[in-house]
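Novice: I have a structure I would like to understand better, so I am pasting it below and will then ask my questions one at a time.
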Amino acid sequence: MGLWALVSVATVVVAAGRAQLLQNNILVDPLLENTVEKTCPTNWSTHKGSCYKFIRSPVKTRQQARAQCQAYGKGSDLVSVSNKEEHGFLTRYLHENDPLLRKWYTAGYQKTPGFWENEGDGSSYQDMMEALLPEQAAIPQNSFLAYSYSVFHKEWGLLMVDGEEALLYVCEIPQANINSIIDESVERDHEYGLVIQDPTKVPQGPVFDLQPVDKIFDLARREVINYISVTCLAKGYPPPTYTWYKESYENEAIMSRAIDPLKDPRFTVSGGTLIINNPKQVEDRGKYHCRAENKFGSITSESIQLSFAYVAEFNLKRSHEVGSQYWGKAIYCDPPQHFPDVRYYWARTFFPNLVEEDRRTMVSQDGNLYFSYVDMIDNGLYSCNVMSTVSGIGKNGPFFNLDVVPHPNYQQLKFANNFPKAFPEAPIRGEDVRLECIAFGYPVPSYNWTRRGGALPRGAQLLSYNRVLILPKVEPSDMGDYVCRAHNTRVAIENSIALSIQAKPSFTIRLQDQFIAKDADLMWECEAFGIPDVDYAWLRNSEPLNLETLTEDEKERYELADSILKIKGVKESDVAVYQCMATNQLGTSYSSAQLKVLKLAPTFRKKPLETEMYGAEGKNVTIVCNPEAAPKPKFTWRQNGLIIGNGGRRKILRNGNLVIDPVSREDRGNYSCTAENIYGSDTSYGWLEVLRKPEFYRSPPEEVITAKGDNITLECEAYIDPLLDKSYIWRHNGLRIELDDTEYLRHLAYMQDNPYESSLYLKRREQEVYVAKRYPPYQKGFRAGHLRIPNIQMEDAGVYECVAMTPVAKISISTKIIVHGPPGPPGGVTAVDLTSTNGRVKWTNGASNGRPILSYNIQTRTQWTRKWITVAENIQAELIDTTNGRMEYQLDDVLSPWSAHEFRVQAVNILGEGQYSSPSPQANTRPDRPFTIPNNLGGGGGKTGDLTITWEPMSGEHQNAPGIYYKLFWRRSVLDPETEFQKVILRQRGNIGMHVVDVNPIKYFYTEYEVKIQAWNNIGPGPISEPVTIFTAEDMPQVQPTEVSAFAHNATSLNVTWQPIEPTRENIRGKLVGYRIKYWRRVDNETDHIIKLQRGTEPHGLIVGLVPNTFYWVRVMAYNQAGSGPESERFLERTWRHPPLMPPNAVQVYPINPSTIRVTWRGVTPTPMEEPLIGYKIKVWESDQDFTTANDTFVYIGSPLEAYITDLAPGKSYMLRVLAFSRGGDGKKSSPPWKFQMGDTDVLRGSAPGTSLDLLFNSTLLVTFLVGFLTPILRSRFLHHHHHHQ
């Protein structure tokens, strides 16, 4: 067994060990050499030798707050802010823990005018005046200091206050005095001093597991459920018994009356459950609570409210409502009396025709129906209806008329009925809050919500066209002013609502069970948060604990100070269950705990010293002595029988532990701890073995220089005593490294052939916490202490520390890694002396990262595209200032004129290109004439007589100056060619992309022109483009096609042919696109025609989708981009009659040989409406292919109704269908298709789906036939088939 397990069993704690032991109040930092005692108790904060308690409730005046702090014991007082570091600690805590930004009293006060000091420790504020919030007026009565948050300065600081206001406060006590507040019984539990055989039967007072909750009895459902059941449940041993109480006011005080089921049979108490049968509204409504009791004491539950739900009847008499057109209107519901809340539903004309909400209409949570403005469409009958929120009971209100009358003007925007509103009006912490905002006015307004001084709470939702803001599960931090802004096209208005949130008391510090030695002192503290502030009271065994209920002896020993209960010299008579009761207007909460008085002689029977313990020479070791005893015993330590004194290397801590620091060889031996109190003593023994401390025998060099991207391995191995297990951890700049163990574990499994060890190591690693990570991850090398850093980056530089750890000691060694890499980003980039295309760029070099800078790259971007463009690459810069290292480079003819340029610079060394610098401030270049021509010059189209010229307007980066415009040139080049270009200057039209020139439409239609373009700006002209050929707009064709004819293709299509027109310019007047075929049925008018476009110059076309056996008229016309030419003469033709309408049936398939089948079928008889048959087609295709790939086998009329299909591939699956065809086209195909597979010389099988159950096999209907060649002459076939008629 490894020593890790051995030492953990021994509970020997070493300062270098990776453990934190709570049972003896010793904290061990795994990376520190010293051992420190536990500092502050629970619910106190620690900082630099002091303990701090931030008390939120109840708020107190400064005098009361100081008295409360002093009640904690000697040296305790309001916090003294004595230095900047302490001020920083306090403000950080308040920033993180007080979202309500409240005020907190401190010990600061004004001793003399202008001189401030701390009343607690007397320290002066001479060097702390900057902690006070600035710009405070000097008011004489404001002579105390409290922490407050300044919204204007966005910081916490000290505010001058008068001390009379009830505020929160901060208490401070030196750590040296914590004995008065440390509760020794926290270490003890209910099993302390007892030997428990059954863990379920540990003696314990009652503790509530389940508090009762409010109940509402629905009177409307009494016939279904006629009882009420409420439950409280407590744990404890012996099991608690329960009593229920009804609360009532008597003589202006709350009195509790026990419920006795024997006196009233309507009541039943079973366990912690109270059942009230046939509840009576008057007698039974009110508050109830339960008590749980066993031999150790009694506790009281929280009170619950028992209520009765009802909804009364509407007043059925209601007058009509009148509204003015385009003015807002609120219609009140006038609901019946009810409890609890109801939901409102408005109906129109009849129920349940509910009013639908829209941007103009809304039903508010207050029950009213609101119109931002009414219109004539709102005339009608309306009714308000309600439904209980706890049952399905609803009531219908009377219908009444809303009459909308015209009004000469419209209503200006204004908020309706004190909106915005909050529902509920006084929300409680944890509830959902609904904020509504409705405004009257025309046009209908839009809405939005904001929060004054901050963002909306997280999770807030906007509903009902932004009129409603939902705040889910509100917290006190959600308090503030919420602003609704309503606006339409004419005006905007806003109003706010101050949201305040109440909170039922909830404990931030709960009571803890106390296990106190007889005659010891007890201090109990609880703390609760509530809005309004809470008041505290105490109960003992469910009875009030106050000066009136205390005995004379208890009055001398008991001290009650709000949330603190002190008992001096506890006695057995004090044993009980105590409750701290926190109350405000919303209710009462309880925190309970048991007080147990102990008289126990020391005993080591549960936690003896371990028989074997280990320490490392030169390190430290803590030997735990933790007997059960009450009162706390005195400890005596012996080594080899000799008493050990407290001092030097050996220290006996307050809790009895022995610390040896440093450990030497002479500390080896037998140790005993004797614990003694007034009731007796006990001794425990153990052996301490001193081992040799670990030492490194392989370590990394003091400094490692590497290049970015390299893979490096740091080696670290230490000699460890063979008795001990060891482990290694690495830290980078003080942070623990997370290691990827993949390679190490693979190597470990390979070397040891033991995958169990690898999985165990992985499991252990998953339980640890790491803070230094990278990608790709740090890797463990092939040996345990090695660290591999793959693809090292600049951020990986720094100090690496290897820590070798054993259960008794740890040692460490460091190395520094210096990473050389590409240069860092230059800084201070600026551009000066910019002309239209030139400029000088200046910068200061960044970090060279170990290698000299060889060259630079410069990029720029403008406001036009925001895209970085390289304007200088691999350049050498000039050093212009040796004092600050300023570099400079002249850019020539690379910048865009009239642009706002930003520059960035990149340095390059032998290891690569570095990061680019941050962009420089923008610098403007001067304007210049255009340098380029517009792109994509072309044109054409338009109406006849147009010469349309188009181009791409120049983008901003190419305009080079303001005032961009264009100059165009054109001339005819073929027909009546011109020698000179005509021109036009488009100065007034700016940066356009098209211009139309009028030409003679009769003569110069579809005429070739040459065009050129030139860009101009305010500085001057740019270059002229090369000529581009375009054509003027086309005219419509002037000639019609001739010799138009048509013939039937099948039952639903016609072939149309014609004599094409001669392709001359005069005939086509443009470029021929194709022909349009116009057709219509003879029985229809020509106006009902359909046009088919036949693109291209082919003189024929196919019309499809026609009706069988029907005459059609046909015309043809040519068309170009200008339109269609004249129509041809019409031609009449009839489509064929229908193709075969019935499919062949009784299809049979027979195998002939492995590549041939024979197919037979029953023929088809055509009807008079069908064309005569020509024959049959057998379509065969591979089953994994599409039907369009089928091969056809033809059988014509007059031939036998069979066919042989040859050349089929053995082993392949095929599909087969048969159909008849005629001049009308292909008929219906046989169905379903046959599927078969060609076999080898032994097997051939086929199938066609069917429905007979006796032919189902593996969910497929099979037709199987076998082909076997028994002899060259004899052939035997077997066929099993099925055909489904459809």
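Novice: Checking the structure you have, find out if any residue of region 576-593 is closer than 30 Å to Pro694 by Cβ and of a type outside the set (Ser, Thr, Tyr).
Specialist: First, pick out the residues of region 576-593 that are closer than 30 Å to Pro694 by Cβ: none.
There is no residue in region 576-593 that is closer than 30 Å to Pro694 by Cβ and of a type outside the set (Ser, Thr, Tyr).
Novice: Looking only at strands (runs of 3 or more DSSP E) that lie completely in region 104-212, which have at least 3 residues being over 44 Å from the mean Cα position of the chain (by Cα) and in contact (Cβ under 8 Å) with a residue 24 or more places away in the chain? Full working, then the answer.
Specialist: Working: elements: 104-112, 115-118, 144-150, 155-161, 167-174, 204-210.
Those strands (runs of 3 or more DSSP E) span 104-112.
Novice: Moving on. Report the residue count in region 1171-1190 for those that are over 28 Å from Pro1108 (Cβ atoms), open to solvent by 60 Å² or more (accessible area, probe 1.4 Å) and touching a residue at least 12 places away in the same chain (Cβ under 8 Å).
Specialist: Going through region 1171-1190 one residue at a time, the tally reaches 1.
Novice: Can you tell me which residue within region 732-742, out of those that are more than 30 Å from Pro823 (Cβ to Cβ) and outside any loop (DSSP other than H, G, I, E, B), is most open to solvent (accessible area, probe 1.4 Å)?
Specialist: The residue in question is Thr742.
Novice: Please go through region 688-731 and give me each residue that is more than 42 Å from the chain's Cα centre (by Cα), among the hydroxyl-bearing types (Ser, Thr, Tyr) and part of a strand (DSSP E or B), ordered by number.
Specialist: If the condition is that a residue be more than 42 Å from the chain's Cα centre (by Cα), among the hydroxyl-bearing types (Ser, Thr, Tyr) and part of a strand (DSSP E or B), then Tyr697, Tyr719 are the ones that fit.
Novice: Pairs only if they're at least six apart or on different chains, beta carbon under 8 angstrom, first in region 552-575 and closer than 19 Å to Gln512 by Cα, second open to solvent by 20 Å² or more (accessible area, probe 1.4 Å) and of a type in the set (S, T, N, Q); list them, first residue then second.
Specialist: Hits for this filter: Leu560/Asn546.
Novice: Which strands (runs of 3 or more DSSP E) does region 1096-1180 wholly contain that include 1 or more residues that are more than 30 Å from Thr1206 (Cβ to Cβ) and not small (Gly, Ala, Ser)? Steps first, please.
Specialist: Numbers: elements: 1100-1103, 1111-1120, 1131-1134, 1145-1153, 1156-1162.
Counting at least 1 such residues, we get 1100-1103, 1111-1120, 1131-1134.
Novice: Then there is this: Looking only at region 310-344, which residues are over 27 Å from Gln411 (Cα atoms) and open to solvent by 70 Å² or more (accessible area, probe 1.4 Å)? It would help to see each step written out before you state the result.
Specialist: Looking only at region 310-344, we keep the residues that are over 27 Å from Gln411 (Cα atoms), and these are 310-317, 335-344.
Within region 310-344, Tyr310, Glu313, Asn315, Leu316, Lys317, Gln337, Phe339, Asp341, Arg343 qualify.
Novice: Also, quick follow-up: Checking the condition within 17 Å of Pro457 (Cα to Cα) and modelled with pLDDT of 90 or more, which residue from Leu499, Leu539 passes? If you could, list the steps in order and put the result at the bottom.
Specialist: Details: Leu539 fails: within 17 Å of Pro457 (Cα to Cα).
Criteria check complete, one pass: Leu499.
Novice: When region 276-309 is examined, which residues are found to be outside any loop (DSSP other than H, G, I, E, B), in contact with a strand residue (DSSP E or B) (Cβ under 8 Å, 6 or more places away or on another chain) and open to solvent by 50 Å² or more (accessible area, probe 1.4 Å)? Don't jump to the end; show me each part of the working.
Specialist: Residues of region 276-309 outside any loop (DSSP other than H, G, I, E, B): 276-277, 281-284, 286-294, 297-300, 304-309.
Cutting the leftovers down to in contact with a strand residue (DSSP E or B) (Cβ under 8 Å, 6 or more places away or on another chain) gives us 276-277, 281, 284, 286-294, 297-300, 304-309.
Within region 276-309, Asn277, Gln281, Lys287, Glu293, Gln305 qualify.
Novice: Counting only residues that are assigned to a strand (DSSP E or B), open to solvent by less than 20 Å² (accessible area, probe 1.4 Å) and in contact with a Ser or Thr (Cβ under 7 Å, 6 or more places away or on another chain), which one in region 788-816 is farthest from Ala872 (Cα to Cα)?
Specialist: Among those residues, the one meeting the criterion is Met805.
Novice: Just name the residue that is nearest to Val577 (Cα to Cα) out of those in region 527-564 that are in a loop (DSSP other than H, G, I, E, B) and hydrophobic (A, V, I, L, M, F, W, C). Before the answer, list the steps.
Specialist: Narrowing region 527-564 to residues in a loop (DSSP other than H, G, I, E, B): 532-534, 541-542, 546-551, 562-563.
The next check asks that each one be hydrophobic (A, V, I, L, M, F, W, C); those that pass are 534, 547, 550.
Details: Val534: 22, Leu547: 18, Leu550: 16 Å.
Checked region 527-564; the qualifying residue nearest to Val577 (Cα to Cα) is Leu550.
Novice: Look at Thr865 and say whether it is assigned to a loop (DSSP other than H, G, I, E, B), under 45 Å from the mean Cα position of the chain (by Cα) and either crowded, with 19+ Cβ neighbours inside 10 Å or modelled with pLDDT under 95 (or both). Spell out how you get there, then give the answer.
Specialist: Working: assigned to a loop (DSSP other than H, G, I, E, B): yes; under 45 Å from the mean Cα position of the chain (by Cα): yes; either crowded, with 19+ Cβ neighbours inside 10 Å or modelled with pLDDT under 95 (or both): yes.
Yes; evaluated as a whole, the condition is true for this residue.
Novice: Still on this structure, please answer the following. Can you tell me which residues in region 49-98 are in contact (Cβ under 8 Å) with a residue 24 or more places away in the chain, of a type in the set (Lys, Arg) and part of a helix (DSSP H, G or I)?
Specialist: Within region 49-98, Arg62, Arg66, Lys84 meet the criteria.
Novice: Right, another one. Might you check whether a residue that is small (Gly, Ala, Ser) and open to solvent by less than 30 Å² (accessible area, probe 1.4 Å) occurs anywhere in region 214-232?
Specialist: Filtering region 214-232 down to residues small (Gly, Ala, Ser) leaves 220, 229.
Going one step further and asking which of them are open to solvent by less than 30 Å² (accessible area, probe 1.4 Å), we end up with none.
No: region 214-232 contains no residue that is small (Gly, Ala, Ser) and open to solvent by less than 30 Å² (accessible area, probe 1.4 Å).
Novice: Right, another one. Please work out if Glu1098 is open to solvent by 50 Å² or more (accessible area, probe 1.4 Å), within 30 Å of Gly939 (Cα to Cα) and among the acidic types (Asp, Glu). Give the steps one after another, and end with the answer.
Specialist: On the way: open to solvent by 50 Å² or more (accessible area, probe 1.4 Å): yes; within 30 Å of Gly939 (Cα to Cα): yes; among the acidic types (Asp, Glu): yes.
Against the criterion (open to solvent by 50 Å² or more (accessible area, probe 1.4 Å), within 30 Å of Gly939 (Cα to Cα) and among the acidic types (Asp, Glu)), Glu1098 qualifies.
Novice: Of the conditions (1) open to solvent by 10 Å² or more (accessible area, probe 1.4 Å); (2) modelled with pLDDT of 90 or more; (3) under 21 Å from Tyr370 (Cβ atoms); (4) not charged (D, E, K, R), Cys437 satisfies every one except a single condition; which number is it?
Specialist: That leaves (1) as the condition not met.
Novice: OK, next. Quick check on my filter: what residues within region 979-1034 are touching a Gly at 6+ places or on another chain (Cβ under 7 Å), small (Gly, Ala, Ser) and within 23 Å of His958 (Cα to Cα)?
Specialist: Ala1015
Novice: Identify the residue in region 942-978 that is open to solvent by 70 Å² or more (accessible area, probe 1.4 Å) and charged (D, E, K, R) and, among all such residues, is modelled with the lowest pLDDT. Steps first, answer last, please.
Specialist: Here is the first cut: in region 942-978, the residues open to solvent by 70 Å² or more (accessible area, probe 1.4 Å) are 943, 952, 958, 974, 977.
Those left that are additionally charged (D, E, K, R): 943, 952.
Values: Lys943: 87, Glu952: 93.
Per the stated criteria, the residue is Lys943.
Novice: If you check every pair at least six apart or on different chains, which have Cβ atoms under 9 Å apart with a residue in region 675-704 that is in contact (Cβ under 8 Å) with a residue 60 or more places away in the chain and basic (Lys, Arg) first and a residue that is in a strand (DSSP E or B) and open to solvent by less than 90 Å² (accessible area, probe 1.4 Å) second?
Specialist: If the second residue must be in a strand (DSSP E or B) and open to solvent by less than 90 Å² (accessible area, probe 1.4 Å), the pairs left are Arg692/Ala616; Arg692/Tyr719; Lys693/Ala616; Lys693/Ile811; Arg698/Glu717; Arg698/Ala718.
Novice: While we're on this one: Go through region 448-465 residue by residue and tally those that are buried (at least 17 other Cβ atoms within 10 Å of the Cβ) and either out of contact with any Pro (no Cβ under 8 Å at 6 or more places or on another chain) or assigned to a strand (DSSP E or B) (or both). So that I can check it myself, show each step before the final result.
Specialist: Going residue by residue through region 448-465, those that are buried (at least 17 other Cβ atoms within 10 Å of the Cβ) are 449, 451, 457, 460, 464.
This time we only want the ones that are either out of contact with any Pro (no Cβ under 8 Å at 6 or more places or on another chain) or assigned to a strand (DSSP E or B) (or both), so: 449, 451, 457, 464.
Residues that pass the stated criteria total 4.
Novice: State which residue is surrounded by the most Cβ atoms within 10 Å (Cβ to Cβ) when the search covers only region 77-101 and only residues that are among the polar types (S, T, N, Q) and modelled with pLDDT of 90 or more.
Specialist: Here the answer is Ser80.
To keep it simple, each residue is scored yes or no on (1) among the hydroxyl-bearing types (Ser, Thr, Tyr); (2) out of contact with any Ser or Thr (no Cβ under 8 Å at 6 or more places or on another chain); (3) open to solvent by 20 Å² or more (accessible area, probe 1.4 Å).
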site: Leu560; (1), (2), (3): no, yes, yes
site: Lys566; (1), (2), (3): no, yes, yes
site: Lys571; (1), (2), (3): no, yes, yes
site: Cys580; (1), (2), (3): no, no, no
site: Gln594; (1), (2), (3): no, yes, no
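Novice: Quick check on region 1200-1225: of everything there that is closer than 23 Å to Ser1155 by Cα and polar (S, T, N, Q), which residue is most open to solvent (accessible area, probe 1.4 Å)?
Specialist: Narrowing region 1200-1225 to residues closer than 23 Å to Ser1155 by Cα: 1200-1219.
Narrowing the set further to residues that are polar (S, T, N, Q) leaves 1206, 1213.
Numbers: Thr1206: 75, Ser1213: 36 Å².
Among those residues, the one meeting the criterion is Thr1206.
Novice: I've got another one for you. Could you please let me know if Asp260 is outside any strand (DSSP E or B), open to solvent by 50 Å² or more (accessible area, probe 1.4 Å) and more than 30 Å from Val202 (Cα to Cα)? So that I can check it myself, show each step before the final result.
Specialist: Details: outside any strand (DSSP E or B): yes; open to solvent by 50 Å² or more (accessible area, probe 1.4 Å): yes; more than 30 Å from Val202 (Cα to Cα): yes.
Answer is yes for this residue.
Novice: With respect to Gln411, determine if the residue is in a loop (DSSP other than H, G, I, E, B) and open to solvent by 30 Å² or more (accessible area, probe 1.4 Å). Reasoning before the result, please.
Specialist: Numbers: in a loop (DSSP other than H, G, I, E, B): yes; open to solvent by 30 Å² or more (accessible area, probe 1.4 Å): no.
When the stated conditions are applied, Gln411 does not pass them.
Novice: Can you tell which of Tyr169, Tyr227, Tyr245 is touching a Ser or Thr at 6+ places or on another chain (Cβ under 7 Å) and hydroxyl-bearing (Ser, Thr, Tyr)?
Specialist: Numbers: Tyr169 fails: touching a Ser or Thr at 6+ places or on another chain (Cβ under 7 Å); Tyr227 fails: touching a Ser or Thr at 6+ places or on another chain (Cβ under 7 Å).
Going through Tyr169, Tyr227, Tyr245 in turn, just one is touching a Ser or Thr at 6+ places or on another chain (Cβ under 7 Å) and hydroxyl-bearing (Ser, Thr, Tyr): Tyr245.
Novice: Consider region 399-422. How many of its residues are more than 30 Å from Ile497 (Cα to Cα) and within 49 Å of the chain's Cα centre (by Cα)? Don't jump to the end; show me each part of the working.
Specialist: Filtering region 399-422 down to residues more than 30 Å from Ile497 (Cα to Cα) leaves 399-409.
Applying the additional criterion that residues be within 49 Å of the chain's Cα centre (by Cα) yields 399, 402.
Within region 399-422, residues that are more than 30 Å from Ile497 (Cα to Cα) and within 49 Å of the chain's Cα centre (by Cα) number 2.
The values are calculated or read from the model by the stated rules, or taken from the named source; none is laboratory data. Every value quoted in this text rests on a predicted model; they were computed, and no experiment measured them. Every residue, glycine as well, gets a Cβ built from its backbone with ideal geometry; the counts of neighbours run over all protein chains shown. Protein only, heavy atoms only, side chains kept; ligands, DNA and RNA dropped before computing areas. Shrake-Rupley method; radii C 1.70, N 1.55, O 1.52, S 1.80 Å.
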